[in-house]
Amino acid sequence: MLLFSFFICVSLHDLPLIQNASLLNRTDPDLTVCVERTVLVWVPLGFLWISVPWQLNILFKKNSPKTHISKLYISKQVLVSLLFLSAVAELASSFGEDYGSEEQKKKNPPVLFINPSIYAVSWLLVMLVHEAVRRREKAVDSGSLFLFWLLQIICEIFPFQTLLRDALNSDKVLDPPHFYLFYVSYGLKLVALMLSAIADVPPDLREMTKKSPEVGAPFLSRITFNWFNRMIFTGYRRPLVQEDMWELSEKDSTNFISREFEEMMKQELRKAHSRLQKKKMKMKKISRPEHQQNGLNKGISQDVLVLVDQSEKSEKKSKRENNLDSGEEDYPHSWLILSIAKTFKWVLLESAVLKLVQDLLSFVSPQLLKLLIGFTQDKSVFTWRGYLYASLLLIVAIVQSVFLQQFTQRCFKLGMRVRAAISAAVYKKALTLSNDARKESTIGQMVTLMSADAQRFNEVTNFIHLLWSCPVQIVLSVGFLWIELGPSVLAGLLVMILMVPINGLLAIKSKSYQAKCMMYKDKRMKMLNEILSGIKILKLYAWEPSFEAQVQGFRKQELEVMRKSAFLSSVSTFIFFCAPAFVSLASFAVFVSVSTDNILDAEKAFTSISLFNILRTPLGMLPLLISAMVQMSVSNRRLEKFLSREDLNTGAVQRDLSYSSAVSVRDGTFSWNRDGSPVLKNVSLQVSPGALVAVVGAVGSGKSSLVSALLGEMHSLSGSVNIKGDVAYVPQQAWVQNATLRDNVLFGSDPDERRFCRVLEACALEPDLDLLPAGVQTEIGEKGINLSGGQKQRVSLARAVYSSADIYLLDDPLSAVDAHVGKHLFEKVIGPRGLLKDKTRILVTHGISFLPYVDEIVVLVDGVVSEVGSYSSLRASKGAFSEFLDTYAKEEDSQDQNQSASGSQQVSVGVEHHDLPLNNIKTEDSVSLLLKKESVKHASNSNRDSQNRNVPQRSEGDADERKGRRLIESETVQTGRVKFSVYLQYLSSMGWGYASMFAVVYFIQSLAFIGQNLWLSDWTNDALRYPNGSSYPAHIRDMRVGAYGGLGVAQGFLVFVGTLLLADGAIHASRTLHSRLLSNILRAPMLFFDTTPSGRVVNRFAKDMFTVDELIPTALRSVILKLLELLATLVLICLAVPLFTAVVVPLIIIYHFVERFYLTTSRQLRRLDSVSRSPIYSLFGETVSGLSVIRAFGHQERFLQQNRTTIDNNLKCVCQLIVSNRWMAIRLELLGNLVVFFSALFAVISRDSLDSGLVGLSISYALNVTLTLNALVRMTSQLETHVVSVERVKEYAEIPNEAAWTSERRPAEDWPSEGTIWFQDYKVRYRPQLDLVLHGITCHIHSKEKIGIVGRTGAGKSSLTNCLFRIIEAADGRILIDGENIASMGLHDLRSRLTIIPQDPVLFSGSLRMNLDPFEKFSDEDIWKVLDLAHLKEYVNSLEAGLQHEIAEGGENLSVGQRQLLCLARALLRKSKILILDEATAAVDLETDDLIQTTIRREFSHCTVLTIAHRINTILDSSRVMVLDAGRIVEFGPPDVLLQKRGHFYALAKDAGICKTETTAL
């Protein structure tokens, strides 16, 4: 270019040519006019011609959109037109001068003709670009044009000052046309630059810019993230909420991401399947000849060693083949990462280019530092060079920051997109999995794939470019260091390399400690889960201290391992902090030792320090990245295995509308597994349209399997299935969504109020609306937690009825509801006169009372259809159906009673009732009242008013008023800054001694850091003191090296001590906070557990305690160290360059404001990210639970869309969080760059009074300020986020407790000796603001009396027993036991003297002995005795471990009957005078029931026994029966007397089918 510029400038007779030496070697430097008119003109124009042609392709499209012509567009085009005219004018002027009149004629150089011509063409090109931008969809400006105008303005600064200087020196303008045209065009270009920085937002985008300002952001705003200011200011003014989140761009939406990813995934998966098939074929070919050759067939003459060798090879091949067959390797490999790479290839390529440029720029600063130090050493160098170097340092740093932040944003957004793609793919796969594949993964494992495994991909993708960037940085660093120090750099590099395996060994050891720690943590959390599940039992038995001690035992072991891990971490920190000192020490020591000529000067020392600082990052990051890659490879295998599993065969069920039958099965044989034995065999079934078909059979005969086969959920081994029309399905176990009642019923269908009301009435849901807080708008909790079993089943049925499908598959929906309700549902919905009378219905049922009313009955026996026909014909045939009737006629009463354990009313249904017409049932009495009572009970359990029976029908208006009320209140989400008191709480938990000691130690370390660097600065001055290397004394050299190394080791040692002190303090804080939390939770009243989901409590012990244990100490240490490092750096710069102190205060003020704005917004965005992530996993778990229902209704696409929307809600928060981090980072980097600039600038200004060592010191550490600032803000933000966990733990550690466990006034040792109980006007309510549950109970129970307590659901039976144990406290009145007021004694004194056998037999994991005697008060002999009495001795004797037999969680390895007998054994062991049976036998079979009743009558004959009865016949031999209704005693007397009165007790007995003649004398 220089030669060409020389050629076209040769005719400039009166202008200097190149002459660079004479123009630069002076105090006011300048460039040659030739360079100004060629190079400086062509560089920006060259950039324009290279960068914009690709933007013009839209102009050549036939259908390119014509958008609105804005004023800004017109202004830009007019401006460029004027520039075009100026170029033409300049060209005309040159021609005029060359070819004008003789007196004006002069020979102009070619450049004055070439430049205007190029300019004229370029301006036409710019006008075309403006038009292309206008036509391009969603384009608001051109970044290339902005950079072009910026380059133009910068490059023309030189001719600007040259022309001005020449005019001033000559007192006249030498070339007026060119002079004036230049300044006019320069002004126009300045205006063009300003206009190019303004976005030209088309009208169709203006609405979108309100939802997402990034869409309308111009180039300058995009690279500085100024468009995000609005969000930052909003977040600063008030806490952000989900509604504040801006819309995602199309490329960031889950819809777009998942579509692109799925296309690529299908291609790669197809290739992977093909590779797998080829591999299998190859394995078969290889293995066949070896099997044939194996053994003696190979010939006796062969060498024995060869035989052995061949047989070993054969064995290995066989094992590999077996692995393939067993499914270990039988899935496609190596396709997921390829799919991700190909899907996002352009983002990866773009970010790689940005990273490469940033890496190269990072090495420019050390070279500029070297030049600047040289400038301060050589006083003869012109001052302008120093200013140039300082300016270049700033410019390079700013450009580097822009590239780095653009790269980081793309990488983090890429990570976010990868996570979204994987989450969406896992969800979609879960919807299509076959039943075989579903069995291989639990819901928990699939949620882990979406959460943990997808997150690992996210994290690795964020830093994926470091895989090639780190080696590049290492090579470049070593290369530049070699230039500075020669081979001596290898010593420092060797130290760095040696530290990698040391850190690796520490990491391996640390990993083993982590595994151990996780083991104890798992044990602790398992125990806590059990405690929370069985908290009521613990309180009733007064067992809390024993279980508290067990948890504390696990916690102690956990903390011991944590302490060892913290010690390792301290060693690792010691090495990390010593590393820079050791590396520089090794390099400098070898450098000065190898030759006496080598004296460490400031240039070499501080340039090397800067390069070592660059080298630290890749050497530190590479091992971490490799470790993360290894973890990701595990996730990759898991995801590949899951995503390549078999899908459900959607063609298994045909949808041929030409069939005459609504449902047709021909010779169908079905199994649950592809290779499993058939469950249904040779099934042939034809169901006519509109028919009601009942499917009956014994348990395990295949009824539910038949429904699944019709839905296509089973493998069809032979035969065919055809369904004519839409299907609605009601599963046996009701599935409800976490949505409003209305949304559950509508289930995506269009709302129709009349139909909706009819469905609610028919499904007996109207009475529930009176009791639900917000009527149809009441939110139903996860898994229907705030509904009873019957209510859930009715909602499930209502969903199906509302769908108006053609065919209804009803899998025993009436089993979960009371018999009365079942009859109502049959009459109003399913039966011949129900809402579905014209639909095809297939009903699986055990309710034989409904069978006379169905059109056809299908009888299944062992998976085979044994009979099909009408009720009368099948009864007459005396076949399998008759046997079925006989069996269920005997058992149905028992079954009804078992089902009613959840609170439903009993009814006796038998064969003799078949002839009763359905319309004789009193619907209001049997259904509505019953439902009201059922809901009342549930409401009272959720701490709502239990006395709302007479609430009138609520209108929609009322419902709207109460909308939003939840049965379980939402968890409190903290907003705003964390209070300083929370930090103080943590520090006080740690211990003020520890807190002050580690702060002091870290401060001393900071002083050592300053001392070491000042020492190095002074060391470099030795080069000036001893200019001749040979005269440099060895003892001074050794002192320099020794002191420098000593100060470095001192820093590491002090950090090691400080880290140990912090670790000890942190463990002390963890122990204190956990103990307070556990102790307080165990002392919380039952009311707390009723209103708080256990997940919230578990979260405090799991996630929040993990944060307190692991994350807060790390974040606290980082914040303190980074803060001290920043202060130390600023102190060093101020010491080196005193003038710098003038800008420190303004910079700190700016930093404070940036940090405050960022932290306030970032904190809330992190919370929103966390809150919006939970619904993704909740929806996934809910979807997998209801998969068969979703598939049956054909709503897969709707749920996929719902999942995408849920992920999008989270991505909105993540997107804003990523941008907020970049917004903060680029501003902090600008601040750091200003620190570098000012330190360099003031060094230039003060160079006469400063030595080069101090200049090098100040600038080399100023270059590191940016990283320190970023790290400090990030760590401060993290610390503030983590400290919220202390706040959350503190919240639950301060919950009001129930009464004291023990009191000063303790009862006698043998109390209660008699067992008399006296209720005196006893009243109770669940909470102060609620109505009474028990209304003035007054009664006297004598010693040894057997009292039966009965009443309909919600009457207050369980409340009465809760009062005896003071689970709920009295509102008024009192209870006396043996004359002692129970309210005046400690809870444990009371509860440990009473005995209860609860309804649900709750057992805990641990030994069988621990479950009977957790305090180890009794001998083994006592325990064997009670086991004998409880009919368990023989069973326990048969166990290998006997009394130490390990009980599984929840007692899963024992039958329900055995669990209940163990609860009986507990009661026998206590030998209490008062025994309460709380429906203790409602959930067990008749045989266990008989055993328990017999034992109780015999062993507790000397005790007072209160029995809450569910089966009326169990309390007919009681001394007296107490009948409760609405919290009052309505009847109390001997059962015979009460039956004769024909009152409440008689009504209950009649409902249970018990006649007076069945009673027995006492």
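The values are calculated or read from the model by the stated rules, or taken from the named source; none is laboratory data. The shown structure was predicted, so the numbers you read here are calculated from the model rather than taken from an experiment. Note that we place each Cβ from the backbone using ideal geometry, even for glycine, and neighbour counts take in every protein chain shown. Keep in mind that these areas ignore ligands, DNA and RNA; they rest on the heavy atoms of the full protein, side chains included. Shrake-Rupley method; radii C 1.70, N 1.55, O 1.52, S 1.80 Å.
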Which one of the conditions (1) farther than 23 Å from Asn226 by Cβ; (2) in a helix (DSSP H, G or I); (3) without any contact (Cβ under 8 Å) to a residue 60 or more places away in the chain does Thr162 fail to meet, given that it meets all the rest? (3)
Can you tell me which of Leu240, Leu349 is open to solvent by less than 80 Å² (accessible area, probe 1.4 Å) and at pLDDT 85 or above? Leu240
Residues within the range 657-676 that are closer than 19 Å to Ala691 by Cα and in a loop (DSSP other than H, G, I, E, B), tallied: 6
Just to be sure I understand, how many residues within the range 1399-1415 are modelled with pLDDT of 80 or more, over 36 Å from the mean Cα position of the chain (by Cα) and assigned to a loop (DSSP other than H, G, I, E, B)? 3
Pull out all pairs, ordered by first then second residue, where Cβ-Cβ is under 8 Å, the residues are six or more apart or on different chains, the first lies in the range 44-68 and is on the phi > 0 side of the Ramachandran plot, and the second is open to solvent by 90 Å² or more (accessible area, probe 1.4 Å) and at pLDDT 80 or above. none
Does the range 1459-1471 include one or more residues that are open to solvent by 20 Å² or more (accessible area, probe 1.4 Å), modelled with pLDDT under 80 and not in a helix (DSSP H, G or I)? yes
Those residues of the range 635-653 which are closer than 13 Å to Phe457 by Cβ and either of a type in the set (Asp, Glu) or open to solvent by 60 Å² or more (accessible area, probe 1.4 Å) (or both), in sequence order: Arg637, Arg638, Glu640
Which condition number in (1) of a type outside the set (Val, Ile, Thr); (2) over 21 Å from Lys516 (Cβ atoms); (3) in contact (Cβ under 8 Å) with a residue 60 or more places away in the chain; (4) open to solvent by 30 Å² or more (accessible area, probe 1.4 Å) is the one that Ser584 fails? (4)
Do we find a residue being among the basic types (Lys, Arg) and surrounded by fewer than 18 Cβ atoms within 10 Å (Cβ to Cβ) anywhere in the range 1408-1428? yes
If you take the residues of the range 514-526 that are surrounded by 19 or more Cβ atoms within 10 Å (Cβ to Cβ) and over 22 Å from the mean Cα position of the chain (by Cα), which of them is nearest to Phe567 (Cα to Cα)? Cys517
Taking Lys355, is it touching a Phe, Trp or Tyr at 6+ places or on another chain (Cβ under 6 Å) and either among the β-branched types (Val, Ile, Thr) or modelled with pLDDT of 90 or more (or both)? yes
So if I check each of Ser423, Ser451, which one is crowded, with 20+ Cβ neighbours inside 10 Å and assigned to a helix (DSSP H, G or I)? Ser423
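Here's the yes/no breakdown for (1) surrounded by 21 or more Cβ atoms within 10 Å (Cβ to Cβ); (2) within 22 Å of the chain's Cα centre (by Cα); (3) of a type in the set (Phe, Trp, Tyr); (4) at pLDDT below 90:
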site	(1), (2), (3), (4)
Ala1136	yes, no, no, yes
Pro1146	no, no, no, yes
Arg1163	yes, yes, no, yes
Pro1175	no, yes, no, yes
Val1184	no, yes, no, yes
Gly1194	no, no, no, yes
Gln1202	no, yes, no, no
Asn1209	no, yes, no, no
Val1214	yes, yes, no, no
Taking only pairs six or more apart or across chains, which ones have beta-carbon atoms under 7 Å, a first residue in the range 601-628 that is more than 15 Å from Cys578 (Cα to Cα) and assigned to a helix (DSSP H, G or I), and a second residue that is of a type in the set (D, E, K, R) and open to solvent by 30 Å² or more (accessible area, probe 1.4 Å)? Glu603/Lys370; Thr607/Lys370; Ala628/Glu459
So, in the range 202-237, of the ones that are touching a residue at least 60 places away in the same chain (Cβ under 8 Å), touching a Gly at 6+ places or on another chain (Cβ under 9 Å) and closer than 19 Å to Ser70 by Cβ, which residue ends up surrounded by the most Cβ atoms within 10 Å (Cβ to Cβ)? Pro218
Looking at the range 1321-1342, I want the residues that are at positive phi and have a partner that is part of a strand (DSSP E or B) and of a type in the set (Gly, Ala, Ser) with Cβ atoms under 7 Å, at least 6 apart or on another chain. Which pairs are those? Asp1321/Gly1336; Asp1321/Gly1373; Gly1336/Gly1373
Checked the range 474-492 for anything surrounded by 15 or more Cβ atoms within 10 Å (Cβ to Cβ) and farther than 16 Å from Thr607 by Cβ; matches are Ile474, Leu490, Ala491
Let me spell it out: the conditions are (1) open to solvent by 10 Å² or more (accessible area, probe 1.4 Å); (2) more than 30 Å from Ala1192 (Cβ to Cβ), and Ser441 meets all of them except one. Which number is the exception? (2)
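Here's the yes/no breakdown for (1) open to solvent by 30 Å² or more (accessible area, probe 1.4 Å); (2) touching a His at 6+ places or on another chain (Cβ under 7 Å); (3) assigned to a loop (DSSP other than H, G, I, E, B); (4) among the aromatic types (Phe, Trp, Tyr):
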residue: Phe1238; (1), (2), (3), (4): yes, no, no, yes
residue: Leu1279; (1), (2), (3), (4): no, no, no, no
residue: Val1286; (1), (2), (3), (4): no, no, no, no
residue: Thr1302; (1), (2), (3), (4): yes, yes, yes, no
residue: Gly1315; (1), (2), (3), (4): no, no, yes, no
residue: Phe1319; (1), (2), (3), (4): no, no, no, yes
residue: Leu1330; (1), (2), (3), (4): no, no, yes, no
Taking only the range 1357-1396 into account, find how many residues are acidic (Asp, Glu), assigned to a loop (DSSP other than H, G, I, E, B) and touching a strand residue (DSSP E or B) at 6+ places or on another chain (Cβ under 6 Å). 0
If you go through the range 860-876 one residue at a time, how many are more than 55 Å from the chain's Cα centre (by Cα) and on the phi > 0 side of the Ramachandran plot? 0
For the range 127-138, does any single residue satisfy the condition of being closer than 17 Å to Ser86 by Cβ and at pLDDT 90 or above? yes
Leu746 being more than 18 Å from Phe1193 (Cβ to Cβ) and touching a residue at least 12 places away in the same chain (Cβ under 8 Å): no
Restricting the search to the range 677-715, which residues are hydrophobic (A, V, I, L, M, F, W, C), part of a strand (DSSP E or B) and touching a Gly at 6+ places or on another chain (Cβ under 6 Å)? Leu680, Val683
For the range 807-855, which residues satisfy the criterion of being of a type in the set (Gly, Ala, Ser) and out of contact with any His (no Cβ under 9 Å at 6 or more places or on another chain)? Ala816, Ala819, Gly822, Gly831, Gly834, Gly847
Looking at Glu603 and the list (1) surrounded by fewer than 21 Cβ atoms within 10 Å (Cβ to Cβ); (2) modelled with pLDDT under 85, which single condition is not satisfied? (1)
